[in-house]
Amino acid sequence: MKKRILLLLCLILITGCYQHNPKVEKDNYTNINYYKEEYQDRYLQYQTKHPELSLTDIITRVNIGLDQPYYTNTKETPFLNQTHILSNKYLYMPETYIPHNLEKIDPTYTNGTKLLVKEAKENFEQLARDAKNQGYTIRAISAYRSYDYQTILYNKYVDQDGKEKADTYSARPGYSEHQTGLVVDVDNGITTYTKFETTKEFNWMQENAHKYGFILRYPNGKEEITGYTYESWHYRYVGKKIAEKIQTQNITFDEYYIRYLEKK
């Protein structure tokens, strides 16, 4: 009799736990259109480690690759020479990749010769022009970087701070967004770029950058998703439609890519 009671209690406890954690049911995952059948075990394992996350966040993060160490199971990024190309610690560009249609940014809005893909360059110039007309200075201090140049920079930071720390703020060669030709690092011509967040120009960019197709690529509080420390000066061109959606949903480009672009 006692054994039966104990068995019944165990069944009640197990059933109760299962009902209060319906996330483990496979059907709940498959309702999400970016669910991947082959990742089912990884979703469940990641959920166990992060029970506080929603289903969409679990699937998004695992699809990005965040359940595995950085720079593991990497693959060449698709959408080369398109404005929605994604580069992160799991997706790389070939060493020989040079984006098409690189053009010089109007020197009025740079601190020297800087290159961007034509569409990004034109929209950045319009952004900087409109900002200037409103009393703000937005200046490109870094834009396109070749694979070789990124190699030099990354090695410099490794020598300076060690590989582990360098990886938190500098991309390895082939993984740098700057190689896409769609990125600008900016300042206001007065304050050092690392303190761009303290400027009135930063506030202007927060309110207006998306209108020109640019997003803050490595936002504060999103380090676990982007894999990089917060960079108030680093803006990525993704086009106006995507930038508007990212702004509205308060998500990173990594998240947007998984949810809306990867299967295209």
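The values are calculated or read from the model by the stated rules, or taken from the named source; none is laboratory data. Predicted model, so just to flag it, every value in this text is computed and none were measured. A quick note on method: Cβ atoms are made from the backbone with ideal geometry, for glycine too, and the neighbour counts reach across all protein chains shown. What goes into the accessible areas is simple: the full protein's heavy atoms, side chains included, and nothing from ligands, DNA or RNA. Shrake-Rupley method; radii C 1.70, N 1.55, O 1.52, S 1.80 Å.
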Label-point separation in nm, Lys195 to Asn81, each point 7 Å along Cα→Cβ
4.4 nm
222 nm mean residue ellipticity, helices alone, for the chain (DSSP H n ≥ 4; -39,500 (n - 2.57); rounded to 500)
-12000 deg cm²/dmol
Additional length obtainable on full extension of the chain from Lys36 to Asp159, 0.36 nm per residue less Cα span
40.3 nm
Formal net charge of residues neighbouring Lys89 (Cβ-Cβ distance under 10 Å; K, R +1; D, E -1)
-1
So what are the three principal axis dimensions of the chain from its Cα atoms, in whole Å, longest to shortest?
87, 38, 36
About its Cα centre, how strong a charge dipole does the chain have in debye, to the nearest 20, once Lys and Arg get +1 and Asp and Glu get -1 at the Cβ?
580 debye
Enumerate the aspartates and glutamates that Lys195 could reach by cross-link, defined here as Cα to Cα under 14 Å, with residues fewer than 8 away along the same chain left out.
Asp185, Asp187, Glu231
Of the listed pairs Lys163/Lys241; Lys163/Lys245; Lys75/Lys240; Lys200/Lys263, which have alpha-carbon separations greater than 30 Å here?
Lys163/Lys241; Lys163/Lys245; Lys200/Lys263
Of all accessible surface on region 202-264 at a 1.4 Å probe, what whole percent is carbon and sulfur?
45 percent
Within the chain, longest stretch clear of exposed GluC sites (Glu not before Pro) (DSSP loop, no more than 12 other Cβ within 10 Å)
96-264
Once ligands and nucleic acids are excluded and a 1.4 Å probe is used, how much of Lys104 is accessible, expressed in Å² to the nearest 10?
140 Å²
Rounded to the nearest 10 Å², the 1.4 Å probe accessible area of His178 is 10 Å²
Report, to the nearest 10°, how far helix 40-49 tilts away from the longest principal axis of the Cα atoms in the chain, using its own Cα long axis and a range of 0 to 90°.
90 degrees
